[in-house]
Structures are given as structure tokens and as C-alpha cells.
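Engineer: I'd like to ask some things about the structure below.
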Amino acid sequence: MLDLLKSELTRRTLLYKAGFGLITLGIVPAIFKPSRSLAQAAKEPAMPPEKKLGWAVVGLGKFATQQIIPSFAECKRSKLVALVSGDRTKAEHYARQYGVNSKNIYNYQNYDTIRNNPEVDVIYIILPNGLHAEYSIRGAQAGKHIMCEKPMAVTVAECQAMIDAAKKAERKLMVAYRAQYEPFNLAAIQLAQSGKLGKLKSIVSDHGRNLDPKDPADRWRANKKLAGGGSVYDIGIYSLQATRYITGEEPVEISAIMYSTPNDPRFREVEENVNFPKAFS
């Protein structure tokens, strides 16, 4: 357990683990229980470049360009080989910076032609929530495995359509949740489900962030069509996910109270605050 707690897990490690996870897992379960320690995985040697899984990143927003794309340099089993963006100039800039061949730059109109690129094994969807389903489905139909940012989509129907498309194409679909792989969270899961704490009666989880309407990267979050919702779809899902993986159970009842500050222009379409108690069996 100490070795597990000492190891540090970041999104780089998520990409690294996904590099082999996508070729062995089906539609991933809600609760992932690794069969070996993260410390063991960290000791595995890097694969030669020609054997690494090739990834295409769809969407070049702040998260993609400041966190995900730079992390490929440290990946042992994955490499960045393609970019998809509506801004060709921006895509060319990052292609030069990270060694992506310019022939592997796509836009949203010719995205489907990625099926003809054997260098691309996996597509990572990093778009506003309301676009997750469309580009995941199109990617699967193009014959590629899919990693989709959270939340999976904005409706149950869209989520099911993504799953159906992946199954029909015989491709893998994974949602980029990472918290259940964090060493301290893995320890919490083990402790909570061991029975040593007795019967769990309450789990309290709070998340918050400032929505800056002046930041172009934040504007879509206030748009219901693109975001699906506000605080729940953005970060509240981490709380919901935590209660599920810590308990190993599914909720049987959920109630919610929503509140938005009157006349705050940021929350004309999406909720500002949500408190959602959950009951488990």
C-alpha cells in the first residue's frame, strides 16, 4: 500500500495506461479495479516508437494544448500523430511544436477521412460536452478506438448511441475519468469496501470553480446546447463518480436542489449551484 501511495498519477499516466488499456478492455465499467499496482506499471519500459499507439486529438482548446498534448512526451505506450481543429493555423502551430506531420491535420468537415490513416489508432475527443456524441460516433464509424473527455455526453440517449456505435464498429470506447486511478483514491476505495469502517452512511463531496465569461475557453460552459448544464456537467460529476467508486454501488435514488444567483448573466442557461443527495442500497 505504501508503494501505491508514493507513486504519483497524472493525466500523463492515464494516457500511458490507456495505451494498453484500450487494446484489452471493452466498454469500460463504471468502477475499474486494476489487477496490479501502479508502481509495477510505472516500471515497464517504453515501447519502440513504431509500436506505440497513435493518437489523434480532436479539439485544440486550453485543456488539450496545455495539459494533454504536452504529456505525450512522457508516454511509454502512446504517441501523438494527428490533430483535428477548425483553425488550420492553430493546428499547424501545434503540429510543428510537437512533431505532428502536417498531412495528419484534419478539420471538422474532413474528419471522417481519418479512417484512411493507419497511423491513428485512437481518437481523443476534447470538445465541448454537446459535441462529444457526434465526434465519438463519427470516430468509431471511421474504425478508430475512442477516448472521450468527461462527461460522456449530455443525455442518456447520446451515451447509448456512442456505446452502440463502438460495439457495431468493434472498437473500444473509454471515458477519460482519472480520479479512480489516483493512489490515495485507490486506498480510499480499498478501505471503504473492506468493511473496516463499518457501514458507510454519508459521503460529502464539494467541487467549485469560477466561471470567467471573459475567458474564451469558458464561454461554452454557459451555453446549454454545448455544455448540457452548468455545475453538475462541469465538475459535479466528479462527486457523483466518487460516491460510486468508493462504495462500489449504484444510487437507487437522487434528489437535487438547484440555485443560480438572480440576474447573473453567466447563468441564464445553465445552473450555478446544485446540491444532489444520493441514496444507496
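Engineer: Quick check on segment 198-212: of everything there that is surrounded by 10 or more Cβ atoms within 10 Å (Cβ to Cβ) and not small (Gly, Ala, Ser), which residue is farthest from Lys144 (Cα to Cα)?
Structural biologist: Per the criteria, the residue is Leu200.
Engineer: Quick one: in segment 63-84, which of the residues that are within 17 Å of the chain's Cα centre (by Cα) and among the small types (Gly, Ala, Ser) is farthest from Arg221 (Cα to Cα)?
Structural biologist: Filtering segment 63-84 for residues that are within 17 Å of the chain's Cα centre (by Cα) and among the small types (Gly, Ala, Ser), the one farthest from Arg221 (Cα to Cα) comes out as Ser78.
Engineer: So Ser231 fits all but one of (1) of a type in the set (S, T, N, Q); (2) surrounded by fewer than 18 Cβ atoms within 10 Å (Cβ to Cβ); (3) in contact (Cβ under 8 Å) with a residue 40 or more places away in the chain; what number is the exception?
Structural biologist: Going through (1) of a type in the set (S, T, N, Q); (2) surrounded by fewer than 18 Cβ atoms within 10 Å (Cβ to Cβ); (3) in contact (Cβ under 8 Å) with a residue 40 or more places away in the chain one by one, Ser231 breaks only (2).
Engineer: In segment 73-109, which residues are in contact with a strand residue (DSSP E or B) (Cβ under 9 Å, 6 or more places away or on another chain) and among the polar types (S, T, N, Q)?
Structural biologist: Once the filter is applied, which keeps residues that are in contact with a strand residue (DSSP E or B) (Cβ under 9 Å, 6 or more places away or on another chain) and among the polar types (S, T, N, Q), segment 73-109 yields Ser78, Ser85, Asn101, Asn104, Asn107.
Engineer: Can you find even one residue in segment 158-168 that is among the small types (Gly, Ala, Ser), under 30 Å from Tyr259 (Cα atoms) and at pLDDT 90 or above? Talk me through it step by step, then tell me what you get.
Structural biologist: Start the filter on segment 158-168 by keeping residues that are among the small types (Gly, Ala, Ser), which leaves 161, 165-166.
Of the ones still in play, those that are also under 30 Å from Tyr259 (Cα atoms) are none.
Looking through segment 158-168, none of the residues is among the small types (Gly, Ala, Ser), under 30 Å from Tyr259 (Cα atoms) and at pLDDT 90 or above.
Engineer: While we're here: Can you pull out the residues in segment 79-104 that are surrounded by fewer than 18 Cβ atoms within 10 Å (Cβ to Cβ) and farther than 15 Å from Thr65 by Cα?
Structural biologist: Asn101, Ser102, Lys103
Engineer: Please specify each residue of segment 107-162 satisfying the condition of being within 19 Å of the chain's Cα centre (by Cα), assigned to a helix (DSSP H, G or I) and surrounded by fewer than 16 Cβ atoms within 10 Å (Cβ to Cβ).
Structural biologist: Scanning segment 107-162 gives Val156, Ala157, Gln160.
Engineer: Another question about this same structure. In segment 197-210, is there at least one residue being farther than 15 Å from Ile235 by Cβ, out of contact with any Phe, Trp or Tyr (no Cβ under 6 Å at 6 or more places or on another chain), among the polar types (S, T, N, Q) and outside any helix (DSSP H, G or I)?
Structural biologist: For segment 197-210, residues farther than 15 Å from Ile235 by Cβ, out of contact with any Phe, Trp or Tyr (no Cβ under 6 Å at 6 or more places or on another chain), among the polar types (S, T, N, Q) and outside any helix (DSSP H, G or I): present.
Engineer: Now for a separate question. Report the residue count in segment 169-197 for those that are touching a helix residue (DSSP H, G or I) at 6+ places or on another chain (Cβ under 8 Å) and within 30 Å of Ile137 (Cβ to Cβ).
Structural biologist: Selection size over segment 169-197: 11.
The values are calculated or read from the model by the stated rules, or taken from the named source; none is laboratory data. What you are looking at is a predicted structure, and each value in this text was computed from that prediction instead of being measured. Cβ atoms come from the backbone with ideal geometry, glycine included; neighbour counts cover every protein chain shown.
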